[in-house]
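Just so it is clear, none of the values below were taken in a lab; they were calculated from the coordinates. This structure is a prediction, so every number in the text was calculated from the model and none was measured. Every residue, glycine as well, gets a Cβ built from its backbone with ideal geometry; the counts of neighbours run over all protein chains shown.
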Amino acid sequence: MKIRVGALLLALILCLSVFTACGGGGDADVHVFYYTYSDTYVSTVRSTLDSKLTEAGVSYQDYDGNGNQTTQTEQIRTAITKGAKALLVNIVNTGSDDAANEIVGLARDAGVPLIFFNREVSDTVIKSYDNCAYVGTRSEEAGILQGEMVGEYLLSHYNAADLNGDGVISYVLFKGEEGNNEAIYRTKYSVEKANEMLMAEGKKPLRFYDTSNKNGYLVDQNGLWSSAAANDYMNTILASNNAANKNMIELVICNNDSMAEGAISALNAAGYNTGGNSPTIPVFGVDATEAAKTLIKNGKMYGTVQQDAVGMANALALLTGNALDESKGLMDGTETLSVDDTVRKIRIPYGKYVG
């Protein structure tokens, strides 16, 4: 179900009207925990949510987990001790339920409403506490949409994309993090969907540039989905995979736009995707950050999958209002949103962005 903006905003306004006067800092009512401030998309969610809470007069405090689960869990423990009335958690570790279960235990013991967001936790975790919910995307959707964009592009530009004329498109894929559902599904479905479309038209499936790599991807070993990781990988690849050797990579798929930026920077340095008559390697990302939109506008990047930071912040603000109003249930007013049938998970839809 698509979000009906008017109905959502009305519900949001009604819900926010219950908020108390704003302060900030250690005595805040609402405590928001981010897995890292350095993630571009998460930073957009943070700035948007901060604005909504400030405008509504809500006292809140933000925390940077800096990619460390132990740090984040201790931050949550301290916030509860200070009297937090609502916890919003962009969890660091998603590879197992251990960290999420510990956080749920802390919130449940203190009787504090808990909202996970962006980085998905399991249905079992959400169901273990009646005053717990999740706001995020449907993990596989981004990969499917990205794969559709790749397939559509290649079917329209196949001969131009096949630089060495061997009838197969050679690609590299940059994965943001091991053990993270968003990264896993983006990696899996982007290639699967593109191959499905190519083979339906009699084309050969995509071929990972390094046949000795059985994973079919290169991962940011620090789990930060970073521009630097993709840039380092791409510079190394281009030293041996290039036009002179007739084995140039013909397609770049990235789990997010930051990694796309890093790959494009390396391509630019090697004379690709610079505009004019320079050769172009299609690059695809996820998030539709402002930087990515600029790269697409300038012809350096072909497409990205738009992740709705405003929609996520709206849903978080709605649930936060419910959490602070003892007369409301946590999921009140979510009828106009896309909510899973069997668990308290709100899904924010993705969309394609090609400029």
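Is region 128-242 rounded, prolate or oblate when judged by the Cα gyration tensor, a ≥ b ≥ c being the square roots of its eigenvalues, rounded requiring a/c under 1.5 and prolate requiring a/b larger than b/c? Verdict is oblate for region 128-242. For the pair N242 and N213 in one chain, pulling the backbone fully straight at 0.36 nm per residue adds 8.6 nm over the alpha carbon distance.
Given a cut-off of 22 Å, what percent of all Cα-Cα pairs of region 77-165 lie beyond it? Counting pairs separated by more than 22 Å, the tail of P(r) holds 45 percent. When all alpha carbon pairs of the chain are counted in 10 Å bins from zero, the resulting P(r) reads 5, 25, 30, 21, 13, 6, 1 %. With helices as the sole contributors, the chain gives -14000 deg cm²/dmol at 222 nm; each DSSP H run of n ≥ 4 counts as -39500 (n - 2.57), and the sum is divided by every residue. Per-residue Cβ neighbour counts within 10 Å put M149, M234, M199 in the sequence M199, M149, M234, beginning with the fewest. For the peptides 37-46, 69-78, the ranking by mean Cβ contacts within 10 Å, running from highest to lowest, is 37-46, 69-78. Sorted ascending by nearby beta carbons within 10 Å, beginning with the fewest, K52, K82 become K82, K52. Counting beta carbons within 10 Å around each of T211, T280 and listing the fewest first gives the order T211, T280.
Of interest is the spacing of the C-alpha centroids, which for region 185-235 and region 265-302 amounts to 17 Å. Between the Cα long axis of helix 40-55 and the first principal axis of the chain there is an angle of about 30°, rounded to the nearest 10.
Highest mean packing first, where packing is the average number of other Cβ atoms within 10 Å per residue, the peptides 293-302, 267-276 line up as 293-302, 267-276.
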